[in-house]
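Trainee: Structure provided below as structure tokens; questions to follow.
Laboratory data are not the source of any read-out in this text; all were calculated from the coordinates shown. A quick note: this is a predicted structure, and the numbers were derived from the prediction, not measured. Note: ideal-geometry Cβ built from the backbone for every residue, glycine included; neighbour counts use all protein chains shown.
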Amino acid sequence: MLGLGQGSMTALALTMIVLRTRDSHTAARLSGMMQCVGYGLGSSGTSLVGQLHATTGGFTAAGIMFLVIGLLGAVFGHRAGRNRIISA
């Protein structure tokens, strides 16, 4: 379920870049920033889940973390869906 959600959020984010920019230069700059920040934060998730499990002794805290990330994704996705164009 997490893989399906993450994959569809990635596809949606890349689609939003194309829909919300006027030219390829702006799309490339926005895509580079999004991928750098996104993959940087995403790569820390595995380590964070391991640390939470080691600290708490279970996966409940990690489940709460995924719930918070999902809610934040919904909020930011709603904001990204507004009808506006991003310019350089």
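Trainee: Counting only residues that are touching a strand residue (DSSP E or B) at 6+ places or on another chain (Cβ under 8 Å) and touching a residue at least 40 places away in the same chain (Cβ under 8 Å), how many does segment 16-34 have?
Mentor: As a first pass, look at segment 16-34 and keep what is touching a strand residue (DSSP E or B) at 6+ places or on another chain (Cβ under 8 Å): 20-21, 26-27, 30.
Those still in the list that are touching a residue at least 40 places away in the same chain (Cβ under 8 Å) too: 20-21, 26, 30.
Here the count works out to 4.
Trainee: Next question. May I ask you to list the residues in segment 19-34 that are polar (S, T, N, Q) and surrounded by 13 or more Cβ atoms within 10 Å (Cβ to Cβ)? I'd like the intermediate steps shown before the answer.
Mentor: Quick first cut of segment 19-34, residues polar (S, T, N, Q) only: 21, 24, 26, 31.
Once the filter is applied, which keeps residues that are polar (S, T, N, Q) and surrounded by 13 or more Cβ atoms within 10 Å (Cβ to Cβ), segment 19-34 yields T21, T26, S31.
Trainee: Out of the residues in segment 43-88 that are loosely packed, with under 12 Cβ neighbours inside 10 Å and touching a residue at least 12 places away in the same chain (Cβ under 8 Å), state the one that is nearest to R29 (Cα to Cα).
Mentor: Among those that are loosely packed, with under 12 Cβ neighbours inside 10 Å and touching a residue at least 12 places away in the same chain (Cβ under 8 Å), it is A88.
Trainee: Inside segment 1-38, can you point out the residues that are closer than 22 Å to L67 by Cβ and under 12 Å from the mean Cα position of the chain (by Cα)? Full working, then the answer.
Mentor: Taking segment 1-38 as the starting set, the residues that turn out to be closer than 22 Å to L67 by Cβ are 1-13, 37-38.
Across segment 1-38, the qualifying residues are G5, Q6, G7, S8, M9, T10, A11, L12, A13, V37, G38.
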